[in-house]
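The values are calculated or read from the model by the stated rules, or taken from the named source; none is laboratory data. The shown structure was predicted, so the numbers you read here are calculated from the model rather than taken from an experiment. Using ideal geometry, Cβ is built from the backbone for each residue, glycine included, and neighbour counts are taken over all protein chains shown. The area values use the complete protein model at the heavy-atom level, side chains included, leaving out ligands, DNA and RNA. Shrake-Rupley method; radii C 1.70, N 1.55, O 1.52, S 1.80 Å.
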Amino acid sequence: MDRMANLPMDSVPSPVSSDALSSPDDDNWKLESMTFPEQFAWGSATAAYQIEGGWDADGKGPSVWDTFTHQGGDRVFKNQTGVYYYDKVIDGLLSIAVTPVVTLYHFDLPQHLEDQGGWRSDATVEAFNTYAQFCFKTFGDRVKLWITINEPYVVAVYGYEKGVIAPGIAMPGVGAYLAAHNMIKAHAAAWHSYSRLFREKQGGLVSIALNSDWAEPFNPNSLADQEAAKRHIAFCLDWFATPIFLSGDYPAVMKSKISAACKRQGSLSSRLPEFTDQEKMMIKGTADFFSLNYYTTRKIKHQDHEISQPSMSADKEAEQVIDPSWPVATGSSWLAVVPWGLRRLLKYIKDTYSHPIIYITENGFSQCDPAPIDDAQRWEYFRLTLQEILKAIYTDGVQVKGYFVWSLLDNFEWICGYSSRFGLFHVDFENSALPRVPYKSAFEYAKIIANKGLMKPPR
Ligand code: BGC
């Protein structure tokens, strides 16, 4: 997905035909009467940098995003006020019977680490591990579900390959591989720290949030497109999931494609870094559940790159296309709405990664500003998505244990600022009191949670 490139809205395909949204997979059940499993976890997600504000308050140091947005600074570690703030958030949630799932790092790397190489540097691995230990020690008596890193793919590709998000470094064909390599090692180090020092006493679980599109071959009858679709997933989800869940090492197809491209470019060594045998052993098996963020699907065409400058897309030899029949969320031109893509992705994860327990830790649909409070269209996207999850659970036997809407509140949508609204609650950013009003989707979502099931669509 090209998520960080928001196209002008007039280039976006026109809205919704219900055919485009209906699932191509044959299912004849009465979905409206199906309930989710008893212990299913319902939630909504947010991220510190996107909602907290106070970038220079209480001794917080600057992060890469403060620099990138030319504002100044943000951050908890070694900061008593930050600890006090998160203590209050966690205790407040627990007091109203909400289970916190805490992500340690969601895009806002401290600027001082970036100044020493950021995720391109091995030194960040140890710094992250120290920070993770601090958080486990400080909050782990109450927090039992941890996510180390949110979407390492997005950080690596958009932050270090294309340079369109913080830290804004464009090193095509090199930067993303290096950043991903260190993020995988940092995640594994934190997981081992938890196991060694805290697991027995605290009894929690630790994972990493991986985002992925689903990918369909552009021409289903073309073998080349079928292979390209598989590569699209290999270079996104499997890049992280294969080492962490399966083998300790990168997917074979990534290794072979990148080294073939390097040879064509006249280099004997691959731009994809290698894990040592010891690192492979350290990385393999370092997730206690599968945390998946799903937003969209792409059609994929094979694309030859005989001679090229180094870049990830040249290594991958695949081009992505949005099917013009798919509706697109009004607030994000990259967000083609394809609920059935989630079901296929869930099945793929089940089959590829030994039937893990899966939490869908992000899924959502943005509206552009001004966003209607009666967001019936958007609720329909949620409803269809929940139907696909039911099919994944009951027909495909996938162990989906939770679903978290992105996002609780309208918030700072990175380079799109405040114009792309993902919230269940509308926020008036023009008013300094930031008043909040629930969208229709918030009420509908509450009904689903109360009923543990789906409602009939409104007539
Ligand atoms: C990110 C969020 C972001 C959302 C919508 C997710 O990938 O984790 O920070 O706001 O996508 O773009």
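Odds and ends about this structure:
- All alpha carbon pair distances within segment 114-221 were sorted into 10 Å bins beginning at 0; the resulting P(r) in whole percents reads 15, 38, 28, 15, 4, 1.
- Förster radius 45 Å - calculated FRET efficiency between SER432 and ALA123 (Cβ-Cβ, nearest 0.05): 0.65
- Helical content of the chain, expressed as a calculated mean residue ellipticity at 222 nm, amounts to -10000 deg cm²/dmol (DSSP H runs of 4 or more residues, -39,500 (n - 2.57) each, divided by residue number, nearest 500).
- In percent, rounded to a whole number, the relative contact order of segment 147-188 is 33, using alpha-carbon pairs under 8 Å and six or more apart.
- Long-range tail of P(r) for the chain (Cα pairs > 29 Å, %): 47
- Distance between modelled label sites at ILE373 and ILE415, nm, 7 Å Cα→Cβ extension: 3.4
- Gain in span if fully extended, LEU246 to TYR394, counting 0.36 nm per residue against the direct Cα distance: 50.7 nm
- Taking the centroid of alpha carbons for each part, segment 183-259 and segment 351-413 are 21 Å apart.
- By accessible area, using a 1.4 Å probe on protein heavy atoms only, the chain has 55% of its surface on carbon and sulfur.
- Coordinate range along principal axes, alpha carbons of segment 200-336, Å, largest first: 52, 45, 28
- The coefficient of translational diffusion for segment 379-459, derived via Stokes-Einstein from the alpha carbon Kirkwood radius under 25 °C and 0.890 mPa s, stands at 170 µm²/s.
- Where the alpha-carbon atoms of segment 92-154 are placed on the principal axes, they occupy 41, 24, 16 Å, in descending order.
- Kirkwood analysis of the Cα pair distances in segment 41-153 returns a hydrodynamic radius of 14.9 Å.
- Segment 38-68 and segment 126-146: distance between their alpha carbon centers, rounded to Å: 16
- Computed over the chain, relative contact order equals 19 percent, with contacts defined as Cα pairs under 8 Å that lie 6+ residues apart.
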